[in-house]
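To start, the structure under review is shown below, and the notes come after it.
No value in this document is a laboratory result; all are computed from the given coordinates. Just so it is clear, the structure is predicted and the values come from calculations on it, not from any experiment. Cβ sites come from the backbone with ideal geometry, for glycine too, and all protein chains shown count toward neighbours.
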Amino acid sequence: MRSINKLVIASNNQGKLREINALLEPLKIKAMPQAEFNVEEVEEPFGTFVENALIKARHASQCSGLPALADDSGICVNALNGLPGVTSARYAGEPRSDQRNNLKLVEALRTQTDRSAYYYCIIVLVRHHEDPQPIIVDGSWHGEIILEPLGEGGFGYDPYFYLAEFNKTAAQLSPEQKNQISHRGKALVQLAERLKNNT
């Protein structure tokens, strides 16, 4: 496999872009957001993370002419049968709003005793838009949902995602610490290994 030194990230989410760039930097891969190529966001019509990530990666690669990396991720709550899941970014409807998503989630869990949850991330990398063998890696990060937010960092559901082993929410971790232990961080470590080994 040819080594990759430049790729497009199939996302306009600033939080995701920061995290992915920080994790790809040691590999000397220049990662550019799809907005630099005027790539429109593609519909994510599927019920699984992997199908949505794949359609985003292929679309960004086709429009940019570069290898593309797409992440599809969300928070899955056990008491809600895995919701918000693939609908995490739009859980409270359009326009997307972290604040409204979090309020809806807290209300759904207010009377639940089990608030265990996990973030899940799948990353797909295609070398070109028709790549028959995309690289696919994933990661999960377990915690629980609290009813009051704590912390100013991160994005999405982070202020409500509590990690008992740190006695902190994801929003209270430093970016470096979060990248080491998060669902996305774990997936990107696997991706880095695959790229280093050219597999």
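Put a dot 7 Å past the Cα of Q177, heading toward its Cβ, do the same for T87, and the two dots end up 3.4 nm apart.
Stretched out fully, how many nm does the piece from A35 to S140 gain, at 0.36 nm a residue minus the Cα gap?
Extra length available between A35 and S140 comes to 35.0 nm.
Once Cα Rg over 2.2 N^0.38 Å is worked out from the coordinates, which option in (i) 0.97; (ii) 1.21; (iii) 1.01 does it equal? Given (i) 0.97; (ii) 1.21; (iii) 1.01, the structure-derived one carries the label (iii). Listed peptides 138-146, 25-33 appear in the order 138-146, 25-33 once ranked by packing, highest mean of other Cβ atoms within 10 Å at the front. Computed from phi, the 3J(HN,Hα) profile of segment 110-124 under the Karplus parametrisation 6.51, -1.76, 1.60 (θ = phi - 60°) reads 4, 9, 8, 8, 8, 10, 5, 7, 8, 7, 10, 9, 10, 10, 10 Hz, with x in place of Gly and Pro. For I135, neighbours were defined as the other residues whose beta-carbon sits under 10 Å from its Cβ, and their charges (Lys and Arg +1, Asp and Glu -1) total +1.
Report relative contact order for segment 6-196 in percent, whole number only (criteria: Cα-Cα under 8 Å, sequence separation at least 6).
Values: 385 pairs, mean separation 36.5, N = 191.
Worked out over segment 6-196, it gives 19 percent.
Rounded to the nearest whole Hz, the Karplus-based 3J(HN,Hα) values (6.51 cos²θ - 1.76 cosθ + 1.60, θ = phi - 60°) of segment 81-94 follow the sequence 6, x, 6, x, x, 5, 9, 3, 5, 10, 4, 9, x, 9, with x at glycine and proline. Assuming charge only on the beta carbon of Lys and Arg (+1) and of Asp and Glu (-1), the dipole of segment 69-199 about its Cα centre is about 20 debye to the nearest 20.
Simple rule: put +1 on each Lys or Arg Cβ and -1 on each Asp or Glu Cβ in segment 88-199, find the dipole, and look at I122, A89, Q99; the Cα lying farthest toward the positive end is I122.
With R₀ fixed at 35 Å, the C-beta to C-beta distance from R96 to N5 puts the FRET efficiency at about 0.60.
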